[in-house]
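To keep things clear, I will list the structure first and then write my remarks on it.
The values are calculated or read from the model by the stated rules, or taken from the named source; none is laboratory data. Keep in mind that what you see is a predicted model, and the values were worked out from it rather than measured. Don't worry about glycine lacking a Cβ; one is built from the backbone with ideal geometry, like all the others, and counts go over all protein chains shown. Side chains included, ligands, DNA and RNA excluded: accessible areas come from the protein's heavy atoms. Shrake-Rupley method; radii C 1.70, N 1.55, O 1.52, S 1.80 Å.
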Amino acid sequence: MNKPKLFLDMDNVLVDTLSVLNITDPVPFGVKKPDQIPGIFRHLEPVSGAVEAVGKLSRYFELYILSTSPWENASAWQDKLLWLAEYFGKDEDSPFYKRVILTHDKGLLHGAGGILVDDRPYHGASAWDDTITNSFWLQFGYDERLVWDRELVDFLVEVAKILPTEPSLRRAIQDANKHNYDLHGDREKFEAADWEK
């Protein structure tokens, strides 16, 4: 039996990125934004509960990384791969072995179907909220209960258990949503950090 697909963003979903970028001054590094600083993505901490969550979710889902990297920071692309290898391994036993997609338009991939867990609607993430392609954007942390060390893992596992008998991803999510979670916010009214604008 094929497992359902679950795509995970890295920044602020698996990696605690904003807490560093929001306090880092880019000027001493000669760049305009903190995400353009070479090496800044390499040694960030995991989001609380993320590593354990991936271990459990890999039993129920075919996992993929779907992330962006700043165009002006070539090291970020490499640093994200090195970060994944550090926390999840780099051989065939890794849940992300040869399943890492770095792009500036995540919406291009929603036709593959499945769930994208992403904290922001940017870079095509909100395009995953699409009934036609049987894909769904779940906004990490929009509902404070839907984070790794609270109820998100149990919710996703419940969705995975329903999917073999319910081919509609949206209906499976509705059936699993017994606690009336707010699954994502408005696509247009998202408050970005000042340096992101």
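State which residue is modelled with the lowest pLDDT when the search covers only segment 160-181 and only residues that are in contact with an Asp or Glu (Cβ under 8 Å, 6 or more places away or on another chain) and open to solvent by less than 90 Å² (accessible area, probe 1.4 Å).
Step by step, filter segment 160-181, then rank; the result is Glu166.
What single numbered condition from (1) open to solvent by 10 Å² or more (accessible area, probe 1.4 Å); (2) farther than 16 Å from Ala50 by Cβ; (3) in contact (Cβ under 8 Å) with a residue 60 or more places away in the chain fails to hold for Val147?
(2)
Hey, could you check segment 16-31 for residues that are under 25 Å from the mean Cα position of the chain (by Cα) and open to solvent by 30 Å² or more (accessible area, probe 1.4 Å) and say which is farthest from Lys80 (Cα to Cα)?
Checked segment 16-31; the qualifying residue farthest from Lys80 (Cα to Cα) is Ile23.
Since Val117 meets every condition but one in (1) open to solvent by 30 Å² or more (accessible area, probe 1.4 Å); (2) touching a residue at least 60 places away in the same chain (Cβ under 8 Å); (3) hydrophobic (A, V, I, L, M, F, W, C), which condition does it not meet?
Checking Val117 against (1) open to solvent by 30 Å² or more (accessible area, probe 1.4 Å); (2) touching a residue at least 60 places away in the same chain (Cβ under 8 Å); (3) hydrophobic (A, V, I, L, M, F, W, C), the one that fails is (1).
Part of a loop (DSSP other than H, G, I, E, B) and without any contact (Cβ under 8 Å) to a residue 12 or more places away in the chain: which single residue out of Ser69, Ser94 fits that description?
So the residue among Ser69, Ser94 that is part of a loop (DSSP other than H, G, I, E, B) and without any contact (Cβ under 8 Å) to a residue 12 or more places away in the chain is Ser94.
Which one is most open to solvent (accessible area, probe 1.4 Å) among residues in segment 36-68 that are within 13 Å of the chain's Cα centre (by Cα) and hydroxyl-bearing (Ser, Thr, Tyr)?
Tyr64
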